[in-house]
Amino acid sequence: MTHWFQVIQVIQVIEFIKIKESWVTYIPKLIATLSSIIVLGLYIEENYRIGVDEQIDKCLPGYSVYLIDLKDKSVVKNGIFAFRAKNMAPFYDDGTKMVKIMAALPGDKVEINKNEQILINGVFVKSGLMHASSIGAKKEDLQGQGILGEGQYWFLGQSETSFDSRYWGAVSDDQIIGRAHPLF
């Protein structure tokens, strides 16, 4: 009895997938659909990446997955961007993908004062230098002020424990991968 039941199920599946139109009209539609899927896939592959933040203590709390738009490198203050690490040892190897908030642009004055306050154009944005000893520096070594040059950007995280530009300085144009959009 089980055998006949299986035969009936196979017949029902075959009836379900039967094409209701001729091959002459079906094949062009199939080719057009597959071509569209391939073109869309190539477009997505060329323009976007998915970034995953695997850290337990995230510098942008609440998000672990980002859609990175490789074509959107238009700099926007307070925008979220992905870039490649450079000279960030011992925390990150060169080339590691990072996602942070662009806090200052070329021409902006960045200051870290003796109270460990980070000021951008005289406006307080964050405080603390908790990772100074981790990179072999004294907090005083990281204090100072300067104006960002052409093609230099200052990045910060939202977390108190974020390892960001206060420790390794500005990021250059050639390190920026693209705009990052938090997904979840």
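The values are calculated or read from the model by the stated rules, or taken from the named source; none is laboratory data. Because the structure is predicted, anything quoted here is derived from the model rather than measured. For neighbour counting, all protein chains shown are included, and Cβ atoms are generated from backbone atoms with ideal geometry for every residue, glycine included. All accessible areas refer to the heavy atoms of the entire protein, side chains included, with ligands and DNA or RNA removed. Shrake-Rupley method; radii C 1.70, N 1.55, O 1.52, S 1.80 Å.
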With the Cα gyration tensor of the range 33-184 in hand, give its eigenvalues times 5 under a square root as the equivalent ellipsoid semi-axes, listed largest first in whole angstrom.
-> 31, 16, 13
Cα→Cβ-extended label distance, 7 Å offset, between ASN87 and SER74, nm = 3.1 nm
Residue by residue through the range 139-154, the couplings from Karplus 6.51 cos²θ - 1.76 cosθ + 1.60 with θ = phi - 60°, in Hz, x for Gly and Pro, are 4, 4, 5, 8, 7, x, 8, x, 10, 5, x, 4, x, 10, 9, 10
Using modelled backbone amide H atoms (1.01 Å from N, in-plane), which distant-in-sequence or interchain residues come within less than 5 Å of ALA132's amide H?
-> none
When only the heavy atoms of the protein chains count and the probe is 1.4 Å, how do TYR43, TYR66 rank by accessible area, highest first?
-> TYR43, TYR66
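Please give the charge dipole size of the chain, origin at the Cα centre, charges +1 on K and R Cβ atoms and -1 on D and E Cβ atoms. Round to the nearest 20 debye.
Numbers: 19 positive and 21 negative charges, 59 e Å.
About 280 debye.
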The long-range amide H neighbours of LEU70, using H built 1.01 Å from N in the peptide plane and a cut-off of under 5 Å, are TYR48, ARG49
Average Cα contact separation per residue, the chain, under 8 Å, 6 or more apart, as relative contact order % | 24 percent
For the range 61-71, Karplus couplings with θ = phi - 60° (6.51, -1.76, 1.60), whole Hz, Gly/Pro x = x, x, 10, 10, 10, 10, 9, 9, 8, 5, 8
With x for Gly and Pro, the residue-by-residue ³J(HN,Hα) of the range 37-47, computed from phi through the Karplus equation 6.51 cos²θ - 1.76 cosθ + 1.60 at θ = phi - 60° and given in whole Hz, is 5, 5, 4, 4, x, 5, 4, 5, 4, 7, 10
